[in-house]
Amino acid sequence: MPIKVLLIIPCFNEEKSIASLLDELLTINFTNKYWIEIVVVNDGSQDKTVEVVSQFNVIVLDLPVNIGIGGAVQTGFKYAFENDYEIAIQVDGDGQHPPLEILKMLKAYEENPSNVIIGSRFIAKQGFQSSTLRRIGIFYLHFINKILTQKNIYDSTSGFRLFDKNAIALATRYYPDEYPEPESLVIFAKAGFSISETPVMMKPRQTGQSSIRYFSQVYYIVKVTIAMFFSYIRKVN
Amino acid sequence: MQKIQIIIIFINSLLLFYIARLIIKGKLREEYTIAWIVCTILLMVFSFWRNGLEVLAKAFGIFEAPNLVFISFIFIILIYLLHLSIVNTKLQKDITKLTQEIALMKQNLKKDEANDAA
């Protein structure tokens with residue numbers, strides 16, 4: 001029996017980059033150990049994302065209104081949960097996560113099955129490393145994460161992640177809707193899940209802009225800090 | 001009774017009447033109207049009992065009676081804003097859940113249609 005794997009691609013106005021990503025994804029040979037399906041979650045895009053995506057042989061979850069990336073990814077988790085997938089992998093729709101790196105994530109899972117595996121930019125220090133200001137923010141998040149989760153997670157903002165069955169089940173219930181990455185790690189750590197990192201290459205985004213810019217960078221850090229702190233206090237069951 | 005009292009009582013009655021109408025028409029949920037009704041009733045009480053403000057201010061040890069009005073109203077408004085934030089948070093959570101359900105149901109429907117066609 002091949003292992004059922006769901007690739008979750010959250011999209012918000014990604015009509016320019018989604019086609020090449022899906023093209024690339026559909027040509028990858030995942031061997032017959034895995035049975036791969038792709039679900040594109042359209043987070044209320046105003047452009048032609050849905051039209052572009054529906055030309056491909058993928059599952060489309062079309063959210064009628066924009067609910068934020070966390071809510072979009074959570075929809076994918078709910079789909080994975082209802083349809084009994086063993087593994088879910090989040091791949092961002094903007095092309096920052098090269099599809100071939102998915103194989104590395106699966107390999108890391110084979111060698112060392114953790115509940116959550118994060119594709120990290122910073123372990124091997126290869127590929128796109130982000131700007132200085134962002135790296136300071138990421139350093140700070142690493143520090144906070146270490147205090148709250150007692151784990152060394154270098155790339156806590158990476159959206160390139162693999163979740164096993166237990167993590168999927170938890171995420172259908174608890175998943176922050178805005179800036180979910182660092183905060184969800186606190187939730188997973190509190191539930192006693194194992195979290196590991198594996199080096200991957202990332203590319204600078206191809207089109208569009210980061211959701212975190214200008215003043216919102218300050219807002220991001222403040223919001224995420226508060227959210228992580230309260231997630232730490234909150235009961236998870 | 002002085003002119004200002006009559007004006008305030010008149011305006012107050014209008015406000016109370018308008019709130020009642022909103023509730024009757026179902027445009028305002030009862031739980032959100034408690035604050036409004038309490039406020040109008042308070043205003044009404046003090047427009048009849050003019051010395052009341054002085055008496056209360058003295059009881060609280062506030063020198064200028066109008067300061068009591070500012071303090072208490074700012075406090076009430078803050079609490080009410082907090083209440084609205086709570087309501088808003090709940091609504092947002094519900095909307096997220098409903099949106100996700102709709103997307104999942106649409107997908108299920110499409111799958112069923114494809115199966116029927118096959």
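The values are calculated or read from the model by the stated rules, or taken from the named source; none is laboratory data. Small disclaimer: the values here were computed from a predicted structure and weren't measured. No Cβ is skipped: glycine too gets one built from the backbone with ideal geometry, and neighbour counts run over all protein chains shown. Quick note on the areas: whole protein, heavy atoms, side chains included, nothing else; ligands and nucleic acids left out. Shrake-Rupley method; radii C 1.70, N 1.55, O 1.52, S 1.80 Å.
Structure values in brief
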{"read-out": "Residues satisfying the stated conditions in region A:17-56, i.e. in a loop (DSSP other than H, G, I, E, B) and more than 20 Å from the chain's Cα centre (by Cα)", "value": "A:Asn29, A:Thr31, A:Asn32, A:Lys33, A:Gln46, A:Asp47, A:Lys48, A:Ser54, A:Gln55, A:Phe56"}
{"read-out": "First in region B:93-106 and closer than 14 Å to A:Glu82 by Cβ and facing chain A (nearest Cβ under 9 Å), second anywhere and surrounded by 13 or more Cβ atoms within 10 Å (Cβ to Cβ) and among the β-branched types (Val, Ile, Thr), Cβ under 8 Å, 6 or more apart", "value": "B:Gln100/A:Ile67; B:Gln100/A:Thr75; B:Ala103/A:Val41; B:Ala103/A:Thr75; B:Leu104/A:Thr75"}
{"read-out": "Single match in B:Ile62, B:Ile76 (criterion: away from chain A (no Cβ under 14 Å) and in a helix (DSSP H, G or I))", "value": "B:Ile76"}
{"read-out": "Residue within region A:152-161 that is farther than 23 Å from A:Arg234 by Cα and open to solvent by 10 Å² or more (accessible area, probe 1.4 Å) present", "value": "yes"}
{"read-out": "Residues (within 12 Å of chain B (Cβ to nearest Cβ) and surrounded by 15 or more Cβ atoms within 10 Å (Cβ to Cβ)) located in region A:56-66", "value": "A:Val58, A:Ile59, A:Val60, A:Leu61, A:Asp62, A:Leu63, A:Asn66"}
{"read-out": "Residue list for region A:67-102, filter: of a type in the set (A, V, I, L, M) and either within 11 Å of chain B (Cβ to nearest Cβ) or farther than 18 Å from A:Val52 by Cβ (or both)", "value": "A:Ile67, A:Ile69, A:Ala72, A:Val73, A:Ala80, A:Ile87, A:Ala88, A:Ile89, A:Leu100, A:Ile102"}
{"read-out": "Test set (1) within 12 Å of another protein chain (Cβ to nearest Cβ); (2) open to solvent by less than 20 Å² (accessible area, probe 1.4 Å) - A:Val53 fails condition number", "value": "(1)"}
{"read-out": "Residues (within 11 Å of another protein chain (Cβ to nearest Cβ) and among the polar types (S, T, N, Q)) located in region A:41-50", "value": "A:Asn42"}
{"read-out": "Criterion (surrounded by 12 or more Cβ atoms within 10 Å (Cβ to Cβ) and in contact with a Ser or Thr (Cβ under 9 Å, 6 or more places away or on another chain)) met by exactly one of B:Leu28, B:Leu22", "value": "B:Leu22"}
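Quick grid of which residues meet (1) open to solvent by less than 70 Å² (accessible area, probe 1.4 Å); (2) among the basic types (Lys, Arg); (3) farther than 30 Å from A:Ala72 by Cβ:
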position: B:Ile37; (1), (2), (3): yes, no, yes
position: B:Thr40; (1), (2), (3): yes, no, yes
position: B:Trp49; (1), (2), (3): no, no, yes
position: B:Glu64; (1), (2), (3): no, no, yes
position: B:Ile76; (1), (2), (3): yes, no, yes
position: B:Thr89; (1), (2), (3): no, no, no
position: B:Lys111; (1), (2), (3): no, yes, no
